[in-house]
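Scroll down for the structure; my scribbles are underneath it.
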Amino acid sequence: MPRPALVVGLGGTGQWVLTWLKRDLLLSNNGDMPRNVRLLSIDTTTQLEAGVRMVGGRQEEAIRIGSVGLSSNEFIYIGGDSRPLAERVKAGGMSNIGQWYHAKRWLDMLPPSAFILDDGAGRIRQFGRVAVFKDILGRQANSRIWRALRNAIRDVNTQVSTQRNLEIIVVGSFAGGTGSGMFLDVALILRLLAQQEKVHHTLRGFFALPSVFTPAPDSDMKARTFAAWREL
């Protein structure tokens, strides 16, 4: 039996990691998921089903390993149209977001379609982060992230004791825009929820760097990674 754990995957890399982990857990547990482990993927894109489709102008394959894929209750979709939020920030509202979100720059530079996050964050870290804020603005009752993470922590809390901490693990990539944009806020939400639920826990992060994807990362990929690393 593995240790009690909640593993949260961010973006496409997070989905792949969780899918491989799910496969290994099923193989080692007679085809059943351990009761004390929860997997949750957070992404701006809609969950890919079987087959191949176009995402952000490129072909994207379904995230499956054989017959193993994440179920709908293991996936948190936080995409949608972020342009109305950008307009509010540009108009001077929501100063807590306006401190870091360069809404005017993006509105002047990008077409309206770029703000629809269903095709991903477009390799823009601020878009990955604003997706979390857009969801959390719905408050606890309407936030998909808040509800899913809280329920997952509660589900595994019965397996946790002072001798067996809950392992909360965040996985993703620093090379793109989604995971590198939202990883800190998701980690802080997880820590806050674990404290509210009075769960003995350890919070860890595992993040892929550009060399995982290519031996020659471009300057934009390096810049995204450096910015995320500096913020961490």
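Structure data summary
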read-out	value
Residue pairs meeting the criteria (Cβ under 7 Å; at least 6 apart or on separate chains; first touching a residue at least 40 places away in the same chain (Cβ under 8 Å) and polar (S, T, N, Q), in the range 64-87; second in a helix (DSSP H, G or I) and buried (at least 17 other Cβ atoms within 10 Å of the Cβ))	82/115; 82/117; 82/127; 82/130; 82/131; 82/134
First in the range 116-134 and acidic (Asp, Glu), second anywhere and open to solvent by 30 Å² or more (accessible area, probe 1.4 Å), Cβ under 6 Å, 6 or more apart	118/46; 119/56
Residues of the range 111-125 satisfying the condition of being open to solvent by less than 70 Å² (accessible area, probe 1.4 Å), of a type outside the set (A, V, I, L, M) and under 11 Å from residue 82 (Cα atoms)	115, 118
Residue list for the range 4-40, restricted to those being in contact (Cβ under 8 Å) with a residue 40 or more places away in the chain, farther than 18 Å from residue 148 by Cα and among the hydrophobic types (A, V, I, L, M, F, W, C)	16, 17, 20, 26
The range 220-232, subset part of a helix (DSSP H, G or I) and open to solvent by 90 Å² or more (accessible area, probe 1.4 Å), residue farthest from residue 154 (Cα to Cα)	220
Looking only at the range 126-153, and only at residues there that are of a type in the set (Lys, Arg) and surrounded by fewer than 17 Cβ atoms within 10 Å (Cβ to Cβ), the one that is nearest to residue 36 (Cα to Cα)	147
Residue tally, condition in contact (Cβ under 8 Å) with a residue 40 or more places away in the chain and in a strand (DSSP E or B), over the range 174-205	1
Any chance residue 163 is closer than 30 Å to residue 23 by Cα, surrounded by fewer than 19 Cβ atoms within 10 Å (Cβ to Cβ) and not charged (D, E, K, R)	yes
Matching option when the condition is more than 14 Å from the chain's Cα centre (by Cα) and open to solvent by less than 20 Å² (accessible area, probe 1.4 Å), among 156, 212, 170	156
Conditions (1) buried (at least 16 other Cβ atoms within 10 Å of the Cβ); (2) free of Cβ contacts under 8 Å to residues at least 24 places away in the same chain; (3) of a type in the set (D, E, K, R); (4) farther than 21 Å from residue 137 by Cα; number of the one not met by residue 108	(1)
The range 129-159, residues that are of a type in the set (A, V, I, L, M) and outside any helix (DSSP H, G or I)	137
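The values are calculated or read from the model by the stated rules, or taken from the named source; none is laboratory data. Being a predicted model, the structure only gives us computed values, none of them experimental. Note that we place each Cβ from the backbone using ideal geometry, even for glycine, and neighbour counts take in every protein chain shown. Just the protein is used for accessible areas: all its heavy atoms, side chains included, with ligands, DNA and RNA removed. Shrake-Rupley method; radii C 1.70, N 1.55, O 1.52, S 1.80 Å.
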